[in-house]
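Here is the structure we will look at, set down as structure tokens.
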Amino acid sequence: GDLPVLLVGSDGTALQALLVDAFELDDLLDADGSSMIIHADADNFANIPARYGGPDAETLKAGDSGPRVACGVIVAPR
């Protein structure tokens, strides 16, 4: 939810460099650690207009982005 959408090629590869102000590197490398999860589908950003009933709990949890397809632990660069 804190990162931009990751675009993946038809061959299944992706490469993304980005600059965000939602958090600092130290936040990712603090004592409890961090990880990232990549979901199969596009995130709808829980943006469901009230006329459609608004977002439900599942949408708010993961933006209807589908099943998890990859995950990883974020470690400090060496």
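The values are calculated or read from the model by the stated rules, or taken from the named source; none is laboratory data. As the structure is a prediction and not an experimental result, all values here were calculated from the model. Neighbour counts are summed over all protein chains in view; Cβ atoms, including those assigned to glycine, are modelled from backbone coordinates with ideal geometry. Accessible surface is based on the protein model in full, side chains and every heavy atom, while ligands, DNA and RNA are left aside. Shrake-Rupley method; radii C 1.70, N 1.55, O 1.52, S 1.80 Å.
The conditions are (1) in contact with a strand residue (DSSP E or B) (Cβ under 9 Å, 6 or more places away or on another chain); (2) at pLDDT 85 or above; (3) over 13 Å from residue 3 (Cα atoms), and residue 65 fails exactly one of them. Which is it?
Among (1) in contact with a strand residue (DSSP E or B) (Cβ under 9 Å, 6 or more places away or on another chain); (2) at pLDDT 85 or above; (3) over 13 Å from residue 3 (Cα atoms), the lone unmet condition for residue 65 is (2).
If you scan segment 63-78, which residues turn out to be farther than 17 Å from residue 34 by Cβ and not charged (D, E, K, R)?
63, 65, 66, 67, 69
Can you go through 21, 26 and tell me which one is open to solvent by 80 Å² or more (accessible area, probe 1.4 Å) and in a helix (DSSP H, G or I)? Give the steps one after another, and end with the answer.
Numbers: 21 fails: in a helix (DSSP H, G or I).
When all the criteria are applied, what remains is 26.
Are there any pairs, at least 6 apart or on different chains, whose C-beta atoms fall under 8 Å, with the first in segment 12-34 and under 21 Å from residue 69 (Cβ atoms) and the second hydrophobic (A, V, I, L, M, F, W, C) and part of a loop (DSSP other than H, G, I, E, B), and if so, which?
14/6; 14/7; 14/8; 16/6; 16/7; 18/3
Has segment 47-67 got at least one residue that is touching a Ser or Thr at 6+ places or on another chain (Cβ under 8 Å), part of a loop (DSSP other than H, G, I, E, B), aliphatic (A, V, I, L, M) and open to solvent by less than 60 Å² (accessible area, probe 1.4 Å)?
Here is the first cut: in segment 47-67, the residues touching a Ser or Thr at 6+ places or on another chain (Cβ under 8 Å) are 48.
Filter again for part of a loop (DSSP other than H, G, I, E, B), leaving 48.
Add one more test, that the residue is aliphatic (A, V, I, L, M), and what stays is 48.
Checking which are open to solvent by less than 60 Å² (accessible area, probe 1.4 Å) leaves us with 48.
Yes, segment 47-67 contains a residue that is touching a Ser or Thr at 6+ places or on another chain (Cβ under 8 Å), part of a loop (DSSP other than H, G, I, E, B), aliphatic (A, V, I, L, M) and open to solvent by less than 60 Å² (accessible area, probe 1.4 Å).
I'm told residue 41 meets every condition in (1) open to solvent by 80 Å² or more (accessible area, probe 1.4 Å); (2) not in a loop (DSSP other than H, G, I, E, B) except one. Can you identify the failing condition by its number?
Checking residue 41 against (1) open to solvent by 80 Å² or more (accessible area, probe 1.4 Å); (2) not in a loop (DSSP other than H, G, I, E, B), the one that fails is (2).
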